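To start, the structure itself, in structure tokens.
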Amino acid sequence: MAQISVDPAIHRLISDVVTKGSAYDLDAMDKLYTADESYLILGGDGHVTRVARAEMMAEFKARRDEGDAPLSTEHRILHVEQQDDHATAILYRRMSPDHPAAMYELRLRKQRDRWQVAGETVTPWPGGIDGSVLPPRQRAA
């Protein structure tokens, strides 16, 4: 089977999304996501919840401002598929050892020579995600 060539910048983007997002680094996150980015979260019952970028960024800001512990950076890139200036990445992702893992589909777009996340779909990794994809809040020690 032929090896598919993928822009190495995509892997760097994914690493930055995981590490910067887990640390609630909003300034960095702002540059990693397109202005129209949104999250689609598939619940265990099959219901899809759409979360706008502004709503998710507000949640990350609240967690940072209220002293929540950083999220886990546990993830594995399972697959990346690139077509010109669009790409899709499939990740295994767990935001806390106490919270179920999820499969993330990142929809990526290259604009002005920079890759950004244009959308995310979060689905259960066997089992279900009921409620938030984020674990319950915990204060940093």
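The values are calculated or read from the model by the stated rules, or taken from the named source; none is laboratory data. No experiment lies behind these values; they were computed from the predicted model shown. No Cβ is skipped: glycine too gets one built from the backbone with ideal geometry, and neighbour counts run over all protein chains shown. With ligands, DNA and RNA removed, areas are computed over all heavy atoms of the protein, side chains included. Shrake-Rupley method; radii C 1.70, N 1.55, O 1.52, S 1.80 Å.
Hey, can you tell me all the residues within region 79-89 that are in contact (Cβ under 8 Å) with a residue 12 or more places away in the chain, open to solvent by 40 Å² or more (accessible area, probe 1.4 Å) and part of a strand (DSSP E or B)? Scanning region 79-89 gives E81, Q82, H86, T88.
When R76 is tested against (1) over 13 Å from I14 (Cβ atoms); (2) modelled with pLDDT of 95 or more; (3) assigned to a strand (DSSP E or B), only condition (1) is not met. Only residues that are in contact with a strand residue (DSSP E or B) (Cβ under 6 Å, 6 or more places away or on another chain) and of a type in the set (G, A, S) were counted in region 13-43, giving 1. Of the numbered criteria (1) under 21 Å from T19 (Cβ atoms); (2) surrounded by fewer than 17 Cβ atoms within 10 Å (Cβ to Cβ); (3) modelled with pLDDT under 95, the one R112 fails is (1). Condition check: in contact with a helix residue (DSSP H, G or I) (Cβ under 8 Å, 6 or more places away or on another chain) and crowded, with 16+ Cβ neighbours inside 10 Å. Does A101 satisfy that? For A101, the condition - in contact with a helix residue (DSSP H, G or I) (Cβ under 8 Å, 6 or more places away or on another chain) and crowded, with 16+ Cβ neighbours inside 10 Å - is not met.
Would you point out the residue of region 32-54, among those that are surrounded by fewer than 12 Cβ atoms within 10 Å (Cβ to Cβ) and of a type in the set (D, E, K, R), that is nearest to V117 (Cα to Cα)?
D36
Taking first residues from region 26-51 that are free of Cβ contacts under 8 Å to residues at least 12 places away in the same chain and partners that are not acidic (D, E), the Cβ contacts under 6 Å between residues at least 6 apart in sequence or on separate chains come to V48/L40; V48/L42; T49/I41. The set of residues in region 119-141 being open to solvent by 20 Å² or more (accessible area, probe 1.4 Å), aliphatic (A, V, I, L, M) and either under 22 Å from G43 (Cα atoms) or assigned to a strand (DSSP E or B) (or both) is empty.
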